[in-house]
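Here the structure comes first, spelled out in structure tokens, and everything after it is commentary.
Bear in mind these aren't lab numbers, they're just calculated from the coordinates by the rules spelled out. This one's a predicted model, so the numbers in the text were calculated from it and none came from an experiment. Neighbour counts are summed over all protein chains in view; Cβ atoms, including those assigned to glycine, are modelled from backbone coordinates with ideal geometry.
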Amino acid sequence: MYSVTFSKILQFIAIGIIVGVIIGFSAVLGFGLDGSVFVVALFLSIICVFLSAMYAELYHIREAVNRQRK
């Protein structure tokens, strides 16, 4: 029903949320920070997951182009 790209986006968002929740809860409960740190950690982790996924895709494209040139 969903496209492959949309399902990958949903998977990356889910991974980012899970990592962000872990970092946010540990920041709030472990260091006694306020709830805004939780939200910032959540958004930053989602952005980091998307950036790493884009880098991996660009790396694979570059490798495929380099193999084709040889």
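P(r) for the chain, from all Cα pairs and a bin width of 5 Å, is 3, 17, 17, 16, 14, 11, 9, 6, 4, 2, 1, 0 %, short bins first. Model label sites at residue 69 and residue 40, defined 7 Å from Cα along the beta-carbon direction, differ in position by 4.2 nm. In the chain, the longest principal axis of the Cα atoms and the axis of helix 35-69 are about 10 degrees apart. Sorting 13-22, 27-36, 49-58 by their mean Cβ neighbour count within 10 Å, with the most densely packed peptide first, gives 13-22, 49-58, 27-36. Axis of helix 4-25 versus longest Cα principal axis of the chain: the two differ by about 30°, to the nearest ten degrees. Is any residue of segment 39-62 close enough, with backbone N under 11 Å, to a label point placed 7 angstrom from the Cα of residue 13 along the Cα-Cβ axis, and if so, which? Counting only backbone N, you get no residues.
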